[in-house]
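**Student:** Attaching a single structure in structure tokens format; questions to follow.
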Amino acid sequence: ARAARDAQAALDALSSAAGGATATLQEQRGARAEGAALREMTLTDALAEVVAAGARDGAYLLDEDLLNGLYQTEGPSEPARRVFHDVFALDEGAFGASLFGADAFPPQLAPGLALVAASRAARSSLHADPYSWLGWNLCARGCKLWTFVAPTMESDSPTSHLLQMRPKPPVAWGGDGGSDDGSSPYGIGAGAESELDLYAGFDATQLDSLADAGEEEVAFALAEQSELVRELLRAGADVRVAVQRPGEWMLIPPDWVHQVIHGPESIGVAGQHLNMGHWSPFARHVLSYCGVGADSVAEIVSRTERLARTDAADGVIALLDAALAARHGLQEAEALMDSLMGAWDEEMDAALGL
């Protein structure tokens, strides 16, 4: 209950500090985001519309800029910023210090926080996050139903055939439309996404009472109504469901395929966590995606991890040097590193008031 109050207090601080900022609301109308109508409005109006929609289907807001501006801004937003730092971060005692909070990444590549607000039946795509790091989601209001499918290493496995996952370079992390597909110009990793919907055929009215339902009850209802879930279970896939309630954290294991569907008036915040314990899978993902030879990956992972344990930024820079050179060639890699380091220097100077 305390966590729910803290999260709601942080969102209240956000609304007070940035309520006039522009947000984009999707109108899914019970379907997935593709083809959804988009409407721009103030953040205050967008949150009010999500709440007013209540049990109506499909109002969906996912914004990865509003929170980051508030999170990083000094001055009038400082009280809200302190609340955000206190509330929206995994406990370091349990999960280790995150490299994202240690100025270890250039600003173009440091992931931020995403604000997620939705009315009943709005849903994410079926996807796996990029970079093999740990994702998290904190529910401040309402409830959500999550479905996870364990990763499989065999590309020709029954599970892989059923999910039909395709590589999806991230737009939000370092992305500024530098590539033809709008993905990051740095091109150092990708997640995966499917056009399928685990919740197709699921009776969204059941979500109204989701907060009072147990996981077994929800899992049975989902398996009974979703043909894709039934097929995955028959194929031997490890499928898990979880109900997330106000104040609860949902941890998203690296590389697990997942999809979330919202109950009425669902509002929360999502982010990522990378500690030194996650360095090896993160570095392997980046290096393999960028085309570093298999005989070199282990050595680079080991070398950059040693550097990162002494100075996290040094490890990140060495990893980026190797990945960008393999992906883009030495000349373009040098230009991209100059761009990254220049922006990084400017951010550090601003933080020091120089």
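The values are calculated or read from the model by the stated rules, or taken from the named source; none is laboratory data. For clarity, every value in this text was computed on a predicted model and none was experimentally measured. Positions of Cβ are generated from backbone atoms using ideal geometry, with glycine treated the same way; all protein chains shown enter the neighbour counts. Quick note on the areas: whole protein, heavy atoms, side chains included, nothing else; ligands and nucleic acids left out. Shrake-Rupley method; radii C 1.70, N 1.55, O 1.52, S 1.80 Å.
**Student:** Within the stretch 257-280, how many residues turn out to be under 23 Å from Leu126 (Cα atoms) and surrounded by fewer than 16 Cβ atoms within 10 Å (Cβ to Cβ)?
**Tutor:** 0
Let's see how each residue does on (1) touching a Leu at 6+ places or on another chain (Cβ under 8 Å); (2) of a type in the set (S, T, N, Q):
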site: Ala298; (1), (2): no, no
site: Ser302; (1), (2): no, yes
site: Glu305; (1), (2): no, no
site: Asp314; (1), (2): yes, no
site: Ile317; (1), (2): no, no
site: Asp321; (1), (2): no, no
site: Gln331; (1), (2): no, yes
site: Ala335; (1), (2): no, no
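**Student:** In a helix (DSSP H, G or I), outside the structural domain of Pro130 (by the TED database), out of contact with any helix residue (DSSP H, G or I) (no Cβ under 7 Å at 6 or more places or on another chain) and open to solvent by 50 Å² or more (accessible area, probe 1.4 Å), is that true of Arg327?
**Tutor:** Considered against the rule, which asks whether it is in a helix (DSSP H, G or I), outside the structural domain of Pro130 (by the TED database), out of contact with any helix residue (DSSP H, G or I) (no Cβ under 7 Å at 6 or more places or on another chain) and open to solvent by 50 Å² or more (accessible area, probe 1.4 Å), Arg327 comes out as yes.
**Student:** If you take the residues in the stretch 334-354 that are modelled with pLDDT of 60 or more and more than 25 Å from the chain's Cα centre (by Cα), which one is surrounded by the most Cβ atoms within 10 Å (Cβ to Cβ)?
**Tutor:** Here the answer is Glu334.
**Student:** Next question, about the same structure. Does the stretch 62-70 include one or more residues that are modelled with pLDDT of 65 or more, open to solvent by 50 Å² or more (accessible area, probe 1.4 Å) and either closer than 19 Å to Cys143 by Cα or in contact with a strand residue (DSSP E or B) (Cβ under 6 Å, 6 or more places away or on another chain) (or both)?
**Tutor:** Among the residues of the stretch 62-70, at least one is modelled with pLDDT of 65 or more, open to solvent by 50 Å² or more (accessible area, probe 1.4 Å) and either closer than 19 Å to Cys143 by Cα or in contact with a strand residue (DSSP E or B) (Cβ under 6 Å, 6 or more places away or on another chain) (or both), which makes the answer yes.
**Student:** Shifting gears a bit: If Leu233 passes every condition in (1) hydrophobic (A, V, I, L, M, F, W, C); (2) free of Cβ contacts under 8 Å to residues at least 24 places away in the same chain; (3) over 19 Å from Ser194 (Cα atoms) but one, which one does it miss?
**Tutor:** For Leu233, the exception is condition (3).
**Student:** Looking at the stretch 217-246, which of its residues are at pLDDT below 85 and under 26 Å from the mean Cα position of the chain (by Cα)?
**Tutor:** Val218, Ala219, Leu222, Ala223, listed by residue number.
**Student:** If I filter the stretch 120-138 for residues that are acidic (Asp, Glu), in contact with a strand residue (DSSP E or B) (Cβ under 6 Å, 6 or more places away or on another chain) and part of a loop (DSSP other than H, G, I, E, B), do I get at least one hit?
**Tutor:** Among the residues of the stretch 120-138, at least one is acidic (Asp, Glu), in contact with a strand residue (DSSP E or B) (Cβ under 6 Å, 6 or more places away or on another chain) and part of a loop (DSSP other than H, G, I, E, B), which makes the answer yes.
**Student:** In addition: Of a type in the set (Gly, Ala, Ser), within 30 Å of Asp103 (Cα to Cα) and outside any loop (DSSP other than H, G, I, E, B), is that true of Ala192?
**Tutor:** Yes: the conditions hold for Ala192.
**Student:** Return the only residue of Val301, Val292 being part of a helix (DSSP H, G or I), open to solvent by less than 30 Å² (accessible area, probe 1.4 Å) and more than 30 Å from Ala219 (Cα to Cα).
**Tutor:** Only one candidate passes the filter, namely Val301.
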